[in-house]
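Visitor: Please find one structure pasted underneath; my questions will follow.
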Amino acid sequence: MKFRVVLKTKTKKGHDLVLKLNVAPSKHQGLVNFLKAATDSDNEVTFTVEKISTEQEHAESSVFGNFKFQKKSTKKETQKKKSTKE
């Protein structure tokens, strides 16, 4: 199995921009745990970019953002909701 983080946005002119970042197999379980915790809680997730120099000095870039994860409805959940309404 492979995991990939996909970031999507649009340019000022409305063109789609997509960035796909592969997740190493050794990080799969950590990603799954993080996503589960983020969707189960009502807390915001912070996005930042960290720059690491050749001398291993860490610096946070000026780019950041806050957002919340949401779960998509699966086909099974949608069918259950329809059957309980009838």
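Visitor: Calculate, in nm to one decimal, what His58 and Lys13 gain on full extension: separation in residues at 0.36 nm each, minus their alpha carbon distance.
Guide: Computed gain between His58 and Lys13 is 12.8 nm.
Visitor: Could you state the orientation-averaged shadow area of the convex hull built on the Cα atoms of the chain, in nm² to one decimal?
Guide: 9.7
Visitor: Another question, if that's okay. Evaluate the relative contact order of the chain (contact order divided by residue number), counting alpha-carbon pairs under 8 angstrom at least 6 apart; express in whole percent.
Guide: 19
Readers should treat all values here as calculations from the given coordinates under stated rules, not as data from a laboratory. Here the structure is a predicted model, which is why all the values come from computation and not from measurement.
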